[in-house]
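Accompanying notes for the structure given below.
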Amino acid sequence: MPTTETRGAAPQNAPAPAAAVQRPPRMMRAAVLAAPGSPLRIEQLPVPRPGPGELLLKVRACGLCHSDLHVLNGHIAFPTPAVLGHEVSGQIAALGAGLERTGLEVGQPVAAAFLMPCGQCPECDRGRDDLCPNFFQLNRLRGLLYDGASRLARASGETVYQYSMGGLAEYAVLPATSVTPLPADMDQLAAATLGCAAFTAYGAVRRGADLRVGETVAVVATGGVGGYICQVARALGARQVVAVDVADAKLEAALAVGATHAVNSATVDAAQAVGEITGGRGVDVAFEALGRPETWATALSLIRPGGRMVPIGLGAGQQAAAVPINQLVRSSQRIIGSYGALTRQDLATVVDLARRGAIDYRGVVARRLPLEAAQDGYAALAAGEIVGRAVIDMDAAPER
Ligand SMILES: [Zn+2]
Ligand SMILES: [Zn+2]
């Protein structure tokens, strides 16, 4: 729910005061993927240590995201054993060297973005965190941080690779470039969903589409990220937001958070329905949030002449989608890929949108699960059963 503004000496968006934190223990629980296709197993791993410019996060919560599924089932290659989970909130448990004047403090609650810019390459220098080659080449392909090592290992010394920060564990190490303080009045558990789902949605709307006030929007596939795109598009001034999905439950959820219309593309012709809603023209921007050839085709069928299609769903491996050449050429339409957002600029804005109630981040949390139930959560996600986001609550007691 939106928080009411109050006038007073302490601004509402002041960082939360650092709370006392216990010294990190020696060992922690982590959900480990031993090999692609095998179920996640809980293991005891040594608590990692942050290097220079990094911090140790005591993970409060971790959202279960569709892109983890591609790694779990081997459709996107990633080294194993590995700890996945890239959508986290938590409390700073320790700071590495060189972070003295950053304003970050031990005990401070923070949200973290999955896209962890190295902060030192030419792309990072010009603010393009989304293009950081070190993030792609070292972390996304090899499961490492930017000195070429993972912070995770088994007690035997065997390397355990980390997908982003490796958030499905009680503690995680990540570059300080990837976090932003969470105000004290925010829901620390629900804030986990800000670092991938809401962050990606904001990037798609603000950076990818460069949405203008009064434009019309369609969102194809309104799961975790798609639902947030509906919210962000409305918050940034979209006149009409048409949710398009094959699941009525997801459409109802989208209507509840700001979509103005809903179209079930399994039962009606989506292009015809969107044409009727928009007075025959189609939308200015269609977002695609699933990364499948058929949802690309749907999204491309919805945009007006001169319109934009913004895909943000990752495909499985080397998947390709068909594009209607003559439609695109004759109508001067554009396809604009969008990956995450600009971490160091946009994550704080996303947190602020949530704090002000412009996006409902609490309502996105559909299920809370203990770490031991991460495998079940991903199975439910793969089966299309999650309306919104399933979130691992790291403080929840293990199921017996
Ligand atoms: Zn994600
Ligand atoms: Zn970089």
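The set of residues in the range 193-216 that are under 17 Å from Ile303 (Cα atoms) and under 12 Å from the mean Cα position of the chain (by Cα) contains only Ala204. Part of a loop (DSSP other than H, G, I, E, B) and within 16 Å of ligand 1 (Cβ to nearest atom): does that describe Leu115? Criteria met by Leu115.
Aliphatic (A, V, I, L, M) and touching a strand residue (DSSP E or B) at 6+ places or on another chain (Cβ under 6 Å): is that true of Leu369 in this structure? Criteria met by Leu369. Selection of the range 132-145 for residues being of a type outside the set (Gly, Ala, Ser) and either in contact with a Gly (Cβ under 6 Å, 6 or more places away or on another chain) or more than 8 Å from ligand 2 (Cβ to nearest atom) (or both) yields Phe136, Gln137, Leu138, Asn139, Arg140, Leu141, Arg142, Leu144, Leu145. Within this structure, Gly357 fails the test of being in the same structural domain as Arg234 (by TED's automatic domain parsing) and either of a type outside the set (Val, Ile, Thr) or without any contact (Cβ under 8 Å) to a residue 24 or more places away in the chain (or both). Taking the range 357-391 only, how many residues are of a type outside the set (A, V, I, L, M, F, W, C) and in a loop (DSSP other than H, G, I, E, B)? Total satisfying the criteria: 9. Might you let me know whether the range 370-377 holds any residue that is out of contact with any helix residue (DSSP H, G or I) (no Cβ under 8 Å at 6 or more places or on another chain), over 22 Å from Gly85 (Cβ atoms) and in the same structural domain as Asn73 (by TED's automatic domain parsing)? Within the range 370-377, none of the residues are out of contact with any helix residue (DSSP H, G or I) (no Cβ under 8 Å at 6 or more places or on another chain), over 22 Å from Gly85 (Cβ atoms) and in the same structural domain as Asn73 (by TED's automatic domain parsing).
Can you name every residue in the range 64-104 that is hydroxyl-bearing (Ser, Thr, Tyr) and over 25 Å from Thr180 (Cα atoms)? Please lay out each step first, then the result.
If we filter the range 64-104 for residues that are hydroxyl-bearing (Ser, Thr, Tyr), which is where we start, we get 67, 80, 89, 102.
Result: Thr80, single match.
For the range 33-86, residues that are under 18 Å from Val110 (Cβ atoms), more than 16 Å from ligand 2 (Cβ to nearest atom) and either in the same structural domain as Tyr228 (by TED's automatic domain parsing) or assigned to a strand (DSSP E or B) (or both) total 9. Per the listing Val179, Val213, Val219, the residue uniquely farther than 18 Å from Gly357 by Cβ and surrounded by fewer than 24 Cβ atoms within 10 Å (Cβ to Cβ) is Val213.
Please verify whether Leu194 is closer than 20 Å to Ala348 by Cα and away from ligand 1 (no atom under 12 Å from the Cβ), treating the condition exactly as stated. Don't jump to the end; show me each part of the working.
Numbers: closer than 20 Å to Ala348 by Cα: yes; away from ligand 1 (no atom under 12 Å from the Cβ): no.
So Leu194 does not fit the description; no.
Scoring Pro109 on the criteria (1) more than 24 Å from Thr349 (Cβ to Cβ); (2) away from ligand 2 (no atom under 16 Å from the Cβ); (3) crowded, with 19+ Cβ neighbours inside 10 Å leaves a single failure, condition (1). Test Gly258 against the criterion of being at positive phi and touching a helix residue (DSSP H, G or I) at 6+ places or on another chain (Cβ under 6 Å), and give yes or no. Here the answer is yes, as Gly258 does meet what is asked.
Which ones in the range 258-276 are under 22 Å from Gly208 (Cβ atoms) and either modelled with pLDDT of 95 or more or in a strand (DSSP E or B) (or both)?
Residues of the range 258-276 that are under 22 Å from Gly208 (Cβ atoms), as a first pass: 258-261, 263, 265, 270-271, 274.
Matches in the range 258-276: Ala259, Thr260, His261, Val263, Ser265, Ala270, Ala271, Val274.
Name the single residue, out of those in the range 121-140 being in a loop (DSSP other than H, G, I, E, B) and either of a type in the set (Gly, Ala, Ser) or free of Cβ contacts under 8 Å to residues at least 24 places away in the same chain (or both), that is surrounded by the fewest Cβ atoms within 10 Å (Cβ to Cβ).
Of the residues in the range 121-140, the ones in a loop (DSSP other than H, G, I, E, B) are 121, 126-128, 132.
If we keep only those that are either of a type in the set (Gly, Ala, Ser) or free of Cβ contacts under 8 Å to residues at least 24 places away in the same chain (or both) too, we end up with 121, 126-127, 132.
Numbers: Cys121: 16, Arg126: 9, Gly127: 12, Cys132: 25.
Result: Arg126.
In the range 29-77, what count of residues is obtained for those that are more than 16 Å from ligand 1 (Cβ to nearest atom) and buried (at least 20 other Cβ atoms within 10 Å of the Cβ)? Total meeting the criteria: 14.
The values are calculated or read from the model by the stated rules, or taken from the named source; none is laboratory data. All of these numbers come straight from a predicted model, not from anything done at the bench. For neighbour counting, all protein chains shown are included, and Cβ atoms are generated from backbone atoms with ideal geometry for every residue, glycine included.
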